[in-house]
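Asks: Quick one: this structure, given as structure tokens, is what I'll be asking you about.
The values are calculated or read from the model by the stated rules, or taken from the named source; none is laboratory data. Model, not experiment: these values are computed from the prediction. Cβ atoms come from the backbone with ideal geometry, glycine included; neighbour counts cover every protein chain shown.
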Amino acid sequence: MINMETLKERLFSLLEKDIEFRLAVAGMLGFRDIMDRLERHDRKFNEILEELKRHRKILEEHSKRLEEHDRKFNEILEELKRHRKILEEHSTILHRYITTMEEEAHEVIAYRLREKGISVELSTLVLPDLEVNVYGATNDICVVGETAVRLGRRKIRELEDKVEILREKYPKFLRPRTILVLYTMRATDEAIRRAKEEGIWLLTATKELVSLPSS
């Protein structure tokens, strides 16, 4: 059996003297180095693949969540469209109702005035920066009024403000005697009290809540 020392000496001798052997050994060592590098590269590549798989899974989860959000968002848009349609329908109904109420106010107030010996045609007065629900003028009398489903103090102030604007900007629409009138379906006790204090004629379709001032 050849001992290790002898084997080493023979190998070193061959490496020194035999060029082919030396090249063969060098090639084998280089190949081993290449293999080691390839193994490291394979390991890194597999790690990268695992990381890509993890990212792909996260991306798929995010995509699903985005799809769910899109679905819910579209549902909300559809619901908003439905509510908007309902609101537009209600607005149309309310507009028709208000228009009908104004027409009713014109008829009732004109009728009550005729009972008191005053004949005047009533309509809506529309100016560039002002709209009065009830207006009419004849000789030295004019009628200025508003309508409200439920009358409160705010509507009384609104009528007084509109009269003030007429005085300041459109005095030609006023007369020596101005009848202030409010037409409503229901009035609060506070509104009735305020109307009496301010000398405003207050009516419903069936009765006078506040009588027409004598002058």
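Asks: Based on this model, can you work out whether ALA191 counts as in contact with a Gly (Cβ under 9 Å, 6 or more places away or on another chain) and not in a strand (DSSP E or B)?
Replies: When the stated conditions are applied, ALA191 passes them.
Asks: Of all residues in segment 175-215, which are in contact (Cβ under 8 Å) with a residue 60 or more places away in the chain, within 39 Å of the chain's Cα centre (by Cα) and surrounded by 14 or more Cβ atoms within 10 Å (Cβ to Cβ)?
Replies: Passing the criteria: VAL181, TYR183, LEU203.
Asks: Related question: In the set GLU68, GLU20, GLU47, GLU79, which member is more than 30 Å from VAL144 (Cβ to Cβ) and modelled with pLDDT under 75? Outline the logic, then answer.
Replies: Working: GLU68 fails: modelled with pLDDT under 75; GLU47 fails: modelled with pLDDT under 75; GLU79 fails: modelled with pLDDT under 75.
Of the residues listed, the single one that is more than 30 Å from VAL144 (Cβ to Cβ) and modelled with pLDDT under 75 is GLU20.
Asks: Pick from segment 132-145 the residues that are under 39 Å from the mean Cα position of the chain (by Cα) and modelled with pLDDT of 95 or more: which of them is farthest from LYS116 (Cα to Cα)?
Replies: Only one residue fits best here, namely VAL132.
Asks: Look at TYR111 and say whether it is under 19 Å from ALA195 (Cβ atoms), hydroxyl-bearing (Ser, Thr, Tyr) and either touching a strand residue (DSSP E or B) at 6+ places or on another chain (Cβ under 6 Å) or in a helix (DSSP H, G or I) (or both).
Replies: Answer is no for this residue.
Asks: Shifting gears a bit: Considering every residue within segment 160-177, establish whether at least one is in contact with a Gly (Cβ under 9 Å, 6 or more places away or on another chain) and not aromatic (Phe, Trp, Tyr).
Replies: Looking for residues that are in contact with a Gly (Cβ under 9 Å, 6 or more places away or on another chain) and not aromatic (Phe, Trp, Tyr), one finds none in segment 160-177, hence no.
For (1) exposed (fewer than 13 other Cβ atoms within 10 Å of the Cβ); (2) of a type outside the set (Val, Ile, Thr); (3) not in a helix (DSSP H, G or I), each residue gets a yes or a no:
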site	(1), (2), (3)
THR124	no, no, yes
THR147	no, no, yes
ARG150	yes, yes, yes
LYS155	no, yes, no
LEU159	no, yes, no
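Asks: Before we move on, is ALA105 under 36 Å from the mean Cα position of the chain (by Cα), part of a helix (DSSP H, G or I) and buried (at least 21 other Cβ atoms within 10 Å of the Cβ)? Steps first, answer last, please.
Replies: Values: under 36 Å from the mean Cα position of the chain (by Cα): yes; part of a helix (DSSP H, G or I): yes; buried (at least 21 other Cβ atoms within 10 Å of the Cβ): yes.
The answer is yes for ALA105.
Asks: Something else: It is to be established whether one or more residues within segment 161-170 are part of a helix (DSSP H, G or I), among the basic types (Lys, Arg), modelled with pLDDT of 95 or more and crowded, with 17+ Cβ neighbours inside 10 Å.
Replies: yes
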